[in-house]
Amino acid sequence: MSSTTSPASGVPAAEMPPPRVVEDLLGLVQLLNDGTVTRAQAPLVLPDDAPAPSADAPASVRWKDVVYDETYNLGLRVYVPSAEGKKFPVLVYFHGGGFCVGSFARPDFHAACLRLAAELPAVVLSADYRLAPEHRLPAALDDAESLFSWLRAQAAATTADPWLAESADFGRVFVSGDSAGANIAHHVAVRVGSGTLATAPARVAGCVLLYPYFGGERRTASEAACPADVFLTLPLYDQMWRLALPAGASRDHPLANPFGPDSPALPAVLPPVLVVAGDRDMLVDRIRDYVAWLNATGSKRAELAEFAGQGHGFSVFEPDGEAAGELLRVVLRRFVHGGAAAPAS
């Protein structure tokens, strides 16, 4: 009678214990000790007191899904204001989720992008990317580069997507995102500024970081004081970084900590940067340090709009809320369409 033996352990397969869960992320992603990853169908994850977002498309916005990377079957959702014969700035948007969860199709991200397209107004390109832990960083940043390759082709082509050919002003492209998506947007802006990521004939005119998700081994005061009754807690933050970073890397890895000990110097020129934070976000001290660091390292034009009483993800968790409306009307619209954005109070 024959038996099968595991090459790794030398133990007969029939005697191997079943795989066990070593990481369980919100019941949505489980990493097993044999390296297997299982995913649940992701429900909408909201803070307990957040209302469900409306996914009804405003009459002034049309949307559709397209594939930008056929190798990995990665798509994006295109939102276009319905104004015939008018060109709009382009907002490239990367969703949040700690690099581990999320999709442009999730109702809260969809509702937030509908409102961005309608009220900025702008052409919004909301992109998916490969997720960890199946695809650890830098996979998401590689996908962002693929998206910009697609965008360059759209800007250069005489046979571009008809919606973009009609409505997109590729001379005014803004790279943006929330949380982990804002981390991606930062790295895209750095690569554009350093010349390692080409965008012509499109032009990146600015960068919008909504409560960016950065890391570091040293705890800030706001991280150490993080209460247990908020969505982004310190244990969740630590867990998502463990799952997202290259195996064995610390939170000072350059893709987590842009001013860590091994992080490269910033390029001499960066697009103008607008950073948004809530003062109840546990990352607020790290975000303030990031803006101060940008402005202290040369001719960097970074400004911080801080919203009192708001936590991490406020404009996505409550896209129809008052703070999200103020962010659109007072801050983003002014930044995207010209003029300096006044900090929120």
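Looking at region 99-116 only, could you name the residues that are part of a loop (DSSP other than H, G, I, E, B) and either free of Cβ contacts under 8 Å to residues at least 12 places away in the same chain or under 13 Å from residue 177 (Cα atoms) (or both)?
99, 102, 103, 104
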Within region 131-172, residues surrounded by fewer than 19 Cβ atoms within 10 Å (Cβ to Cβ), in a loop (DSSP other than H, G, I, E, B) and not acidic (Asp, Glu) come out as 135, 138, 157, 158, 159, 160
Just one listed residue, out of 90, 22, is closer than 21 Å to residue 126 by Cβ and modelled with pLDDT of 95 or more, and it is 90
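Which of the following residues is surrounded by 15 or more Cβ atoms within 10 Å (Cβ to Cβ) and over 23 Å from residue 116 (Cβ atoms): 175, 230, 204?
Numbers: 175 fails: over 23 Å from residue 116 (Cβ atoms); 204 fails: over 23 Å from residue 116 (Cβ atoms).
The match here is 230.
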Picked from region 37-71 (must be modelled with pLDDT of 95 or more and either in a loop (DSSP other than H, G, I, E, B) or over 30 Å from residue 125 (Cα atoms) (or both)), the residue most open to solvent (accessible area, probe 1.4 Å) is 70
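Looking at 244, 256, can you tell me which residue is over 17 Å from residue 95 (Cβ atoms), crowded, with 17+ Cβ neighbours inside 10 Å and of a type in the set (A, V, I, L, M)?
Criteria check complete, one pass: 256.
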For region 212-227 the number of residues that are over 18 Å from residue 99 (Cα atoms) and either open to solvent by less than 60 Å² (accessible area, probe 1.4 Å) or at pLDDT below 95 (or both) is 5
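Which ones in region 259-268 are in contact with a His (Cβ under 9 Å, 6 or more places away or on another chain) and either open to solvent by less than 40 Å² (accessible area, probe 1.4 Å) or at positive phi (or both)?
Result: 260, 263.
The values are calculated or read from the model by the stated rules, or taken from the named source; none is laboratory data. Bear in mind the structure is a predicted one, so any value in this text is a computation, not a measurement. Every residue, glycine among them, receives a Cβ derived from its backbone with ideal geometry; neighbour counts consider all protein chains shown. Note: accessible area is taken over every heavy atom of the protein model, side chains too, but ligands, DNA and RNA are not part of it. Shrake-Rupley method; radii C 1.70, N 1.55, O 1.52, S 1.80 Å.
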